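Worksheet: one structure, shown below.
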Amino acid sequence: MEINNNQLLRFTTAGSVDDGKSTLIGRLLYDSKSIFEDQLESVSATSAKKGHDGIDLALFTDGLKDERDQGITI
């Protein structure tokens, strides 16, 4: 599947706490190569600091420091 970068894709998610909404959107951003290098480095460092083996994809959308520190989405 080829993605045309000139198109805008909008979608919504719904669910309860810990249903994976932020992880899903983070995964879509990561797979579509829509993450800046500095963002990737920051999320990788934060993930490692939290003891994750890989990248915590939810951190791409949980951008506030409080969100990352507490593991929540505001």
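The values are calculated or read from the model by the stated rules, or taken from the named source; none is laboratory data. These numbers come from a predicted model, not from an experiment. Neighbour counts run over all protein chains shown; Cβ positions are idealised from the backbone, glycine included.
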query = If the Cβ limit is 7 Å and pairs must be 6+ apart or interchain, which residue in region 22-45 that is within 11 Å of Leu59 (Cβ to Cβ) pairs with which residue that is small (Gly, Ala, Ser)?
reply = Ser22/Ala58; Thr23/Ala58; Gly26/Ala58
ask   = Which of the residues spanning region 5-27 are exposed (fewer than 10 other Cβ atoms within 10 Å of the Cβ) and in contact with a Lys or Arg (Cβ under 7 Å, 6 or more places away or on another chain)?
value = Gly15
key: Extreme residue, surrounded by the most Cβ atoms within 10 Å (Cβ to Cβ), among residues of region 37-74 that are under 10 Å from the mean Cα position of the chain (by Cα) and at pLDDT below 85   = Asp62
